[in-house]
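What follows is one structure encoded as structure tokens, with my remarks underneath.
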Amino acid sequence: MHPTRLDHWIGGEPVASHADATASLNPSEPQDVVAEVPVGTAAEVAAAVAKAAEAQRAWRAKPGPAKADALTAWAAALQSRAEELAGLIAREVGKPIAEAKGEVGRGVAILRYYAGEAVRDHGSVIPSQFPETLQFSLREPLGVVGLITPWNFPVAIPLWKAAPALAFGNAVVWKPSELSGAVASVLAETSGQAGLPAGLFNMVHGDGSTGAALAACAGVEALSFTGSARVGGLIAQACAARNAKHQTEMGGKNAGIVLADATLAKAATLVAGGAFRYAGQKCTATSRVIVERPAMDAFLAELKRIAEGLPLGPVCDPACAIGPLISDAARQRVLAALDGRDLLFGGPVPSPFEDGYFVAPTAVMVEDENDTLAQDELFGPVLAVFPADDAEHAIQLANATRYGLSASLFTQNIGNALRYIREIEVGLVRVNGDTTGVDPHAPFGGFKGSSSHTREQGPAARDFYTQVKTVQIGG
């Protein structure tokens, strides 16, 4: 059976593309071609931007309750196709089905949250230096916003960008990852199913060249990107060259810190989950664990026991915790990073999974803070283990990276916890918790090379998707 060739979604309807296409493969069974994904051209991007600009002029004038109703309707449309989308996420990107269902549910929650934000107050009255003068600020939409999103959260990340953009009066042109094009097409269809005005939400499939065209398009007033640090830097340069607003979320090298007074069973459970679930393919995954020396042996024994009990594929099994890596290139990159190292545990995958892009949960002892496993985002089920002399040394090791997205400390000492909160150089700070995930209504973003120093989600999203106008009215 020939795989489906996907369409763009422009002006509220599917639009066929005759451009070149790439194949989206099932990483569990690479012989299964999920879809043919067109590589959108600059002309197709421009057409989508033109449709978005036209729709945005009417959308920005709609009252907040009307915007809220539209987002609520989209949440209902998404919910109506939750099972279909979750199954497609599992098939196309290898996310275990339980997590895939959770992601769709999170997408519904995001849309509902921003439906509420659409009717909140978004300005302030400011005392004036002049008598009989009213001074106030208000927030206005930017116009057309471009979104570029990765494959690993193919529903949640697009929606945590698109929902606030729409709630605050903008229109959207979205370039999803070519590795999750089939999921993206269904998500776009739900916007039409919900009755969003034609042209308000547009999607152009493609690869890096399509994203570059979107970043360079003069009609795009702002661009929000999630992906690698390398591409994020290029996006920032392209937007800065034409003074377009931009935000980039670019990954992390997240550390769990386990002190000797920690509850080791809890710490090992949460570190293992953060490191190995979904094969470590999260920007907030726990890729390093720093353990105070007196706790090392007991912690590693518990970590190994838990990690080896996490079920590996098939991803359609509700019990599955660890699916495949997204591609053969990703698998080869992870295996190359492990080549020649002494493993604490891990290694070959069971024979039923040899045809897919699977890697077993793996831990490696690392002594050098400059080791590639200490510094480079690997995006796989690999945990680098570091010994620490004390709490101060552990925090120093955690900070010794160019990234600063997420970290977690495991301790029962409030003094150590408060010191860590003050000194850790990350945007997402956890105590006795997992490094992964964040509530949809809480700000998300990192320090240093993890972020453009903006924040996504929660009320912080308003700052990016609006601009401030200050008004003075004299008597």
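Farthest towards the positive end of the charge dipole of the chain, among the residues H122, F136, A388, is the Cα of F136, using unit charges on the Cβ of Lys, Arg, Asp and Glu.
A simple charge model with +1 on the Cβ of Lys and Arg, -1 on the Cβ of Asp and Glu and nothing else charged puts the dipole of the stretch 353-475 at about 940 debye relative to its Cα centre. Here the stretch 313-341 is scanned for amide nitrogen atoms under 20 Å from the site 7 Å beyond the Cα of E29 along Cα-to-Cβ, giving 313-328.
Available extension along the chain between D463 and R57 is 144.1 nm, counting 0.36 nm per residue and deducting the alpha carbon span. In plain terms, the C-alpha convex hull of the chain casts an average shadow of 24.0 nm² when viewed from every direction.
Were the residues from A43 through T263 laid out at 0.36 nm apart, the gain over their Cα-Cα distance would be 73.5 nm. Helix 229-241 against the longest principal axis of the chain: what's the angle in degrees, Cα atoms only, rounded to the nearest 10? Tilt of helix 229-241: around 20 degrees.
May I ask which of K67/K245; K101/K448; K62/K448; K51/K101 have a Cα-Cα span longer than 30 Å here? Exceeds cut-off: K101/K448; K62/K448; K51/K101. For the stretch 78-214, the extents of the C-alpha atoms along the principal axes are 66, 32, 25 Å, listed from largest to smallest.
Ranked for footprinting exposure by Cβ neighbours inside 10 Å, fewest first, T41, T286, T190 give T41, T190, T286. In the chain, helices alone account for a calculated mean residue ellipticity at 222 nm of -12000 deg cm²/dmol, with every DSSP H run of four or more residues adding -39,500 (n - 2.57).
Angle of helix 328-338 to the longest C-alpha principal axis of the chain, folded into 0 to 90 degrees and rounded to 10: 40°.
Directionally averaged projected area (the stretch 277-337, Cα convex hull): 5.4 nm².
Using Cβ counts within 10 Å as a stand-in for footprinting exposure, how do T372, T411 rank, fewest first? Don't skip to the end; give the middle numbers.
On the way: T372 11, T411 23.
If I rank by nearby Cβ atoms, fewest first, I get T372, T411.
With charges set only on the Cβ (+1 for Lys and Arg, -1 for Asp and Glu), what does the dipole of the stretch 1-158 come to about its Cα centre, in debye to the nearest 20? Dipole magnitude for the stretch 1-158 comes out near 440 debye.
In degrees, nearest 10, range 0 to 90: what is the angle between the Cα axis of helix 82-93 and the longest Cα principal axis of the chain? Around 60 degrees separate the two axes. When only Cα pairs below 8 angstrom with a gap of at least 6 residues are kept, the stretch 254-439 shows a relative contact order of 31 percent. For the pair R419 and A319 in one chain, pulling the backbone fully straight at 0.36 nm per residue adds 32.2 nm over the alpha carbon distance. Each of the peptides 312-324, 59-71 was scored by the mean count of other Cβ atoms within 10 Å over its residues; in descending order, highest first, they stand as 312-324, 59-71. Between V471 and D389, the simple label model (points 7 Å from Cα in the Cβ direction) yields a spacing of 6.2 nm. Taking all C-alpha pairs of the stretch 254-439, those more than 27 Å from each other amount to 21 percent. Convex hull volume of the Cα atoms of the stretch 37-110, normalised per residue: 108 Å³. For the pair E367 and H441, a Förster radius of 51 Å applied to the C-beta separation gives a FRET efficiency near 0.80, rounded to the nearest 0.05.
Kindly put L378, L138 in sequence by how many other C-beta atoms sit within 10 Å of each C-beta, fewest to most. Please list the in-between numbers first.
Details: L378 21, L138 14.
Lowest to highest Cβ neighbour count: L138, L378.
Each reported figure results from applying straightforward, stated rules to the coordinates on display, with no laboratory input. All figures in this text were calculated on a predicted structure; none of them were measured in a lab. Cβ atoms come from the backbone with ideal geometry, glycine included; neighbour counts cover every protein chain shown.
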